[in-house]
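Visitor: Here it is, the structure, as structure tokens.
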Amino acid sequence: MWVWTRRGRLPPPALADPLWYFAYGSNMNERLFRERRHMTPLETRTARLDGYRLCFSVAGGMRPGISAPANIGKATDAAIHGVLYLLPLRKFARLDASEGRQYSYVWVDVVDAGGDSVRALTFKVAADVPEGRPGRAYLNLIREAARQRRLPPEYQAFLDRVQPRE
């Protein structure tokens, strides 16, 4: 399969076509997702992932060991807000090929803006790695996306408090 040859791993078994993908980092950004990544979702919704917190992990990214891309970490009393995209499998394979090797697949149950539970695939850094601070431009893409998508004001305020690396 194309994903396997590009990433050196097999995709999750029995993937639906299309499938729901939950974005919580720069992939929430409309401009980046559609124009730079050439993604055309069949449907888009905002959603919340309970039991996780947004963190930035020093693993991979454009400058391994320095850049700190978005990641999710388990946290009982936390939630991450993001975007659900319904993607054809071929588009998800393309997206997967563009993400770093440090990410593994995680199935999550998210709650969309209408209150419906949706089973979605997302990415998580597989290994335990130190947390870092994101670059300013990368963080600004995420902040812009949160405003574009009208994520809750308290979540936008949280993102505004994240300190970028110098």
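Visitor: Scan the range 67-113 for residues that are open to solvent by 20 Å² or more (accessible area, probe 1.4 Å), under 14 Å from the mean Cα position of the chain (by Cα) and of a type in the set (S, T, N, Q) and jot them down.
Guide: 98, 102, 104
Visitor: Further question: Which members of the range 148-157 meet the condition of being surrounded by 12 or more Cβ atoms within 10 Å (Cβ to Cβ), of a type outside the set (A, V, I, L, M) and under 17 Å from residue 31 (Cα atoms)?
Guide: Listed by number, the residues that qualify are 148, 149.
Visitor: Can you tell me which residue is modelled with the lowest pLDDT among those in the range 114-142 that are of a type in the set (Gly, Ala, Ser) and open to solvent by 10 Å² or more (accessible area, probe 1.4 Å)?
Guide: The residue in question is 127.
Visitor: Let me ask something additional. Does residue 40 fit the bill of being within 21 Å of residue 153 (Cβ to Cβ), open to solvent by 20 Å² or more (accessible area, probe 1.4 Å), modelled with pLDDT of 85 or more and of a type in the set (Val, Ile, Thr)?
Guide: Details: within 21 Å of residue 153 (Cβ to Cβ): no; open to solvent by 20 Å² or more (accessible area, probe 1.4 Å): yes; modelled with pLDDT of 85 or more: yes; of a type in the set (Val, Ile, Thr): yes.
In short, no.
The values are calculated or read from the model by the stated rules, or taken from the named source; none is laboratory data. Given the structure is predicted, the values throughout are model-derived calculations rather than measurements. Positions of Cβ are generated from backbone atoms using ideal geometry, with glycine treated the same way; all protein chains shown enter the neighbour counts. To get the accessible areas, we keep the full protein, side chains included, count just its heavy atoms, and leave off ligands, DNA and RNA. Shrake-Rupley method; radii C 1.70, N 1.55, O 1.52, S 1.80 Å.
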